[in-house]
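Q: One structure, as structure tokens, below. Some questions next.
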Amino acid sequence: MLLAKQVSNSKNTKTKMNRVKTTQDLELKERLVAVNRVTKVTKGGRTFTFAAIVVVGNGNGIVGHGLGKAGEVTAAIAKATEAAKKNLIQVPVLKGTIPHEQYAKFGGARVYIQPASEGTGVKAGGAMRAVLESVGVNDVLAKAKGSSNPHNLVKATIAALAELRDARTVAQNRGVSLSTVFNG
């Protein structure tokens with residue numbers, strides 16, 4: 001329980017630190033994660049709307065997610081893409097993998113990501129794979145537990161990525177040299 005509180009409390013501050021301010025000069029590629037058809041029954045019959053979740057990333061450490069809802073699938077995807085471009089974060093990617101292992105949760109979804117050696121590939125399931133490939137991670141081991149809801153999995157994966165810090169950042173925050181971070 002204590003770990004979960006630490007993860008949720010530190011998530012807000014880390015995400016704000018890692019925010020990307022502008023999208024002017026970024027080449028963002030979008031990836032559709034899921035489309036959900038929602039039916040509303042009224043006295044006149046059934047009304048169908050669509051909810052789409054999209055992940056955008058430049059393949060070099062920047063990723064974001066967005067949710068769009070509309071009467072047509074294409075409109076929902078367009079809205080989700082615009083929302084994702086407003087919700088970008090910077091993630092440290094070192095030699096095609098992540099700097100250290102990380103655990104995060106969002107709602108009922110729990111996510112564990114771990115660095116892997118070169119040539120391993122992205123060993124992750126659906127929604128997590130889309131986020132990790134969009135951010136530019138080529139070698140990673142990942143496990144999703146609990147809920148398989150793609151909305152919560154995407155948000156949990158991005159929360160885990162927002163928690164990542166490379167050695168230079170740790171050294172700067174502590175005010176010590178880089179060798180002290182590794183050797184103690």
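The values are calculated or read from the model by the stated rules, or taken from the named source; none is laboratory data. Fair warning: this is a prediction, and the values are worked out from it, not measured in the lab. In this analysis, Cβ positions are derived from the backbone assuming ideal geometry, glycine residues included, and neighbour counts consider all displayed protein chains. Protein only, heavy atoms only, side chains kept; ligands, DNA and RNA dropped before computing areas. Shrake-Rupley method; radii C 1.70, N 1.55, O 1.52, S 1.80 Å.
Q: Which residues, taken from region 47-75, are open to solvent by less than 30 Å² (accessible area, probe 1.4 Å) and not in a strand (DSSP E or B)?
A: Residue satisfying the conditions is Gly61 alone.
Q: Still on this structure, I have one more. Does Gly44 fit the bill of being surrounded by fewer than 17 Cβ atoms within 10 Å (Cβ to Cβ), in contact with a Ser or Thr (Cβ under 8 Å, 6 or more places away or on another chain) and of a type outside the set (A, V, I, L, M)?
A: Details: surrounded by fewer than 17 Cβ atoms within 10 Å (Cβ to Cβ): yes; in contact with a Ser or Thr (Cβ under 8 Å, 6 or more places away or on another chain): no; of a type outside the set (A, V, I, L, M): yes.
So Gly44 does not fit the description; no.
Q: Same structure again: Only one of these conditions is not met by Leu164: (1) touching a residue at least 24 places away in the same chain (Cβ under 8 Å); (2) closer than 22 Å to Ala52 by Cα. Which number is it?
A: The failed condition is (2).
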